[in-house]
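*Asks:* First the structure, then my questions, so here it is.
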Amino acid sequence: RYGWLRTLFQTSPPRALALAGTLRAERATWRAIHHVPGYRAYLRSVGIDPDRLPPAGILRAVPETDKGSYIDAYPMDERCVDGRIAFKGVTIDESSGSTGTPYNWIRGAAERTVAQRNIAFFARYAFGAGDLVTLNGFSMGAWATGITMSQGMVRHGLVKSVGPDIGKILS
């Protein structure tokens, strides 16, 4: 339904789109506050009572997280919905560690589908409706970006995942 989404973005007033994005972010924040034990503990650690946050404007009331204050501080299961790691249809994705340390996170099937759809939508936006041949130069293996990119681009054509080795790409 890329055409529908493109039309929506082209015809909707920018302020309406911005408001929709803000409301989605506020809903995600509210869900994290109420369903992710590590996030509730993080808020308490910075002096915020998660049960006393305003229902509207919640994004202005919570601080940004980062790897040091949130990811490193709380175990993976506490950073999951209801403090549980699901097993069926779930992957543990790993960053490449380009900042010095690889990080792991949980992705369920629904989240992977959304990420792949967004990649596919962007490809349509950038390259049009024709068949595509993609040479995926992202790192592969355990690293999430390369795998997710391949799975998103395969929706529109042929994909060869070669990784970042320029010699391989040119050959």
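*Asks:* Of all the residues that make up the stretch 1-31, how many are under 19 Å from the mean Cα position of the chain (by Cα) and among the β-branched types (Val, Ile, Thr)?
*Replies:* 2
*Asks:* Follow-up question, since we're still on this one. Just checking, which of 146, 128 is farther than 26 Å from residue 40 by Cβ, open to solvent by less than 40 Å² (accessible area, probe 1.4 Å) and touching a Phe, Trp or Tyr at 6+ places or on another chain (Cβ under 7 Å)?
*Replies:* 146
*Asks:* Restricting the first residue to the stretch 51-70 and requiring it to be within 24 Å of residue 19 (Cβ to Cβ), which pairs with a second residue that is surrounded by 14 or more Cβ atoms within 10 Å (Cβ to Cβ) and of a type in the set (Asp, Glu) meet a Cβ separation below 6 Å and a spacing of at least six or different chains?
*Replies:* Matching pairs, first to second residue: 58/26; 59/26.
*Asks:* Give the residue, chosen from 84, 79, that is without any contact (Cβ under 8 Å) to a residue 24 or more places away in the chain and among the basic types (Lys, Arg). Break it down stepwise before answering.
*Replies:* Working: 79 fails: without any contact (Cβ under 8 Å) to a residue 24 or more places away in the chain.
Selected residue: 84, the only one of 84, 79 that is without any contact (Cβ under 8 Å) to a residue 24 or more places away in the chain and among the basic types (Lys, Arg).
*Asks:* Among the residues of the stretch 149-171 satisfying the criterion of being part of a helix (DSSP H, G or I) and β-branched (Val, Ile, Thr), which is surrounded by the fewest Cβ atoms within 10 Å (Cβ to Cβ)? Quick ask: steps written out before the conclusion?
*Replies:* Just the residues of the stretch 149-171 that are part of a helix (DSSP H, G or I), to begin with: 149-156, 166-170.
Right, trim to β-branched (Val, Ile, Thr) and you get 154, 166, 169.
Details: 154: 17, 166: 10, 169: 13.
Applying the filter and picking the extreme gives 166.
*Asks:* Right, here's the next one. Name, by its number, the condition in (1) under 20 Å from residue 32 (Cα atoms); (2) open to solvent by 60 Å² or more (accessible area, probe 1.4 Å); (3) more than 20 Å from the chain's Cα centre (by Cα) that does not hold for residue 135.
*Replies:* In the conditions (1) under 20 Å from residue 32 (Cα atoms); (2) open to solvent by 60 Å² or more (accessible area, probe 1.4 Å); (3) more than 20 Å from the chain's Cα centre (by Cα), residue 135 misses (1) alone.
*Asks:* With among the hydrophobic types (A, V, I, L, M, F, W, C) and either modelled with pLDDT under 85 or touching a Lys or Arg at 6+ places or on another chain (Cβ under 7 Å) (or both) as the only criterion, which of 123, 73, 110, 129 stands out?
*Replies:* On the way: 123 fails: either modelled with pLDDT under 85 or touching a Lys or Arg at 6+ places or on another chain (Cβ under 7 Å) (or both); 73 fails: either modelled with pLDDT under 85 or touching a Lys or Arg at 6+ places or on another chain (Cβ under 7 Å) (or both); 110 fails: either modelled with pLDDT under 85 or touching a Lys or Arg at 6+ places or on another chain (Cβ under 7 Å) (or both).
Every option except 129 fails the conditions.
*Asks:* Given (1) free of Cβ contacts under 8 Å to residues at least 24 places away in the same chain; (2) over 23 Å from residue 76 (Cα atoms), where does residue 28 come up short, assuming only one miss?
*Replies:* (2)
The values are calculated or read from the model by the stated rules, or taken from the named source; none is laboratory data. Fair warning: this is a prediction, and the values are worked out from it, not measured in the lab. A quick note on method: Cβ atoms are made from the backbone with ideal geometry, for glycine too, and the neighbour counts reach across all protein chains shown. All accessible areas refer to the heavy atoms of the entire protein, side chains included, with ligands and DNA or RNA removed. Shrake-Rupley method; radii C 1.70, N 1.55, O 1.52, S 1.80 Å.
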